[in-house]
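Structure, as structure tokens:
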Amino acid sequence: MGRLRLLACEVFKREFDAVLAGSDRDIEVTYVAQGLHDERAGTMAQHLQGHIDACKPGEYCAILLGYGLCNNGIAGLRARHTPLVVARAHDCITWFLGSRERYDKIFKEAPGSYYLTSGWIETARRSLESLPTRLSGADTKSDTYLDFVKRFGEDNAQFLMETMGAWKKKYGRMVFINLKVGDTERYRDYAKEQASEREMEYQELAGSLRLFGGLVDGPPWNEEEYLVVPAGHEIHPSYDEQVVVARRPTSAA
Amino acid sequence: MSAEEIFEKLKKSVIGGKRKDVAALCTEGKGAGIAGKDLLTKGLLPGMEEVGRRFRCEEFYIPEVLVAARAMHAGLEILRDELEKQPAAQVGKVVIGTVEGDLHDIGKNLVAMMFTGAGFEVVDLGIDVPANRFVEAAKERGAQAVAMSALLTTTMVNMEKVVAELRKAQFKGKIIIGGAPVTKEFADKIGADLYAADASEGAESLRAAMAAA
């Protein structure tokens, strides 16, 4: 089987490293900074397209994307000469839980859940900064707050912290998905601590590496769970349970 | 200060998110006998339109828009009594909410503020709003428009159900949708009348659609 290229979000580093440790595949891996989907629309796709375009024809048999649809962050990505493969997932939670069906079920039970994994805490814990603790209110020492004070004054800064963090107050459950990678003990304690500081219910769920393993095991890929984007096609949201579809581009670029 | 000076200062203060200045200027304008409608249409709204323009050009981001909308609201509060006496200023009633399963409301609140600023009466249903509540509220309140928001690709699909139920209930008004993952293509697919890429566009296009209807 031919050489593979994997481009994955850094929150998946522990998981992909774990499955690759047990794999004999010839694979070149790049972990890309988390948080790109928080940037302006198009930033994430642009960045990833740069990595895709840097691959030469015939160099790899497929380019694997360790991503979900991620707020349309991968929408518009184009396979040039080499197929792209991506899981049919809205976001990283599907990856961590092992299947769309499981995520759907858990999401419907409690939409107000905040998910953590060891890898996520390692790479993206700063996102938790704006999650207000019920004991202290918005964190008035955070960089975000200080930046707001500088730009808009104290009155507006308090309003912004409250307004921009308000949705998170409706999140009543902190879920630690245990994938048995990285320093699980330490990060479980961290997740518990974060939950208790915010008077959120703490829950631990067993994670699964099956989608990670399935991606680096192909070809072939199970098309129910992965989208294979043929050369010359683009990734688009499908707005249904398929999550993503491959389409011929409508404009030349 | 002349009326022109007050309008200009109001505009600048809205753009800069200076809530107290906006309130003070509206009070001063009112005291000087300037019509509330003029303070709104020549001061507050042009300021907010400029904010919308800068937001689209990526000169402004969400925090700038939020503080500007808050400043505009401080002005509206001062003018409220006077503006409410002029029903002609009211361009229509809109029911707004974030769809079922979605708990996010920054964007939805921003849109609601923009609608208010554009002269709409806004009925805000909040977050995690099931389809039947949109339908009931639109009927009970006699709304001319329903606006829906979603932040997640997992929850935006619930908009389709709301559109279907509104149509089934013979809702004749406009349906407008928006939110980070929402696209024009999706709006067309589910049969919504309007799609807005951002809060200021939402208010403008709904106002235009209502005027045309």
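Charged side chains reduced to their Cβ positions (Lys and Arg at +1, Asp and Glu at -1) give chain A a dipole of some 300 debye around its Cα centre. Taken as Cα centroids, the stretch A:78-101 and the stretch B:38-53 sit 44 Å apart, rounded to the nearest whole angstrom. Taking all protein chains together and a 1.4 Å probe, the residues A:95, A:221 rank A:221, A:95 from largest to smallest accessible area. Computed over protein heavy atoms with a 1.4 Å probe, the accessible surface of the protein assembly as shown works out to 44 Å² per residue.
Relative to the Cα centre, the charge distribution of the stretch B:3-87, modelled as +1 at Lys and Arg Cβ and -1 at Asp and Glu Cβ, gives a dipole magnitude of about 140 debye. Taking every pair of alpha-carbon atoms in chain B, give the share separated by more than 20 Å as a whole percent. Summing the P(r) of chain B above 20 Å gives 56 percent of all pairs. The order of A:28, B:77 by accessible area, most exposed first and with a 1.4 Å probe, is B:77, A:28. Between residue B:204 and residue B:56, the simple spin-label model (points 7 angstrom out along Cα→Cβ) gives 0.3 nm. By a 1.4 Å probe calculation restricted to protein chains, residue A:51 has an accessible surface near 50 Å², given to the nearest 10. Think of it as helices only: each DSSP H run of n ≥ 4 in the protein assembly as shown is worth -39500 (n - 2.57), and spread over all residues that comes to -14000 deg cm²/dmol at 222 nm. Ordered from largest to smallest accessible area (heavy atoms of protein chains, 1.4 Å probe), the residues B:175, B:127 come out as B:127, B:175. Within the full protein context, the accessible area of residue B:9 is estimated at about 110 Å² for a probe radius of 1.4 Å.
A simple count of charges around residue B:213, restricted to other residues whose Cβ falls under 14 Å of its Cβ and scoring Lys, Arg +1 and Asp, Glu -1, yields +3. To the nearest 10, the accessible area of residue A:118 is 10 Å² with a 1.4 Å probe. Once the Cα atoms of helix B:62-84 and of chain B are each reduced to a long axis, what angle between those two axes, in degrees from 0 to 90 to the nearest 10, is obtained? Relative to chain B, helix B:62-84 is tipped by roughly 70 degrees. For the protein assembly as shown, the Kirkwood estimate of hydrodynamic radius, built from reciprocal distances between every pair of different alpha carbons, is 24.1 Å.
The values are calculated or read from the model by the stated rules, or taken from the named source; none is laboratory data. Please read all numbers here as calculations on a predicted model, not as lab measurements. Glycine gets a Cβ as well: all are built from the backbone with ideal geometry, and neighbour counts include every protein chain shown. Keep in mind that these areas ignore ligands, DNA and RNA; they rest on the heavy atoms of the full protein, side chains included. Shrake-Rupley method; radii C 1.70, N 1.55, O 1.52, S 1.80 Å.
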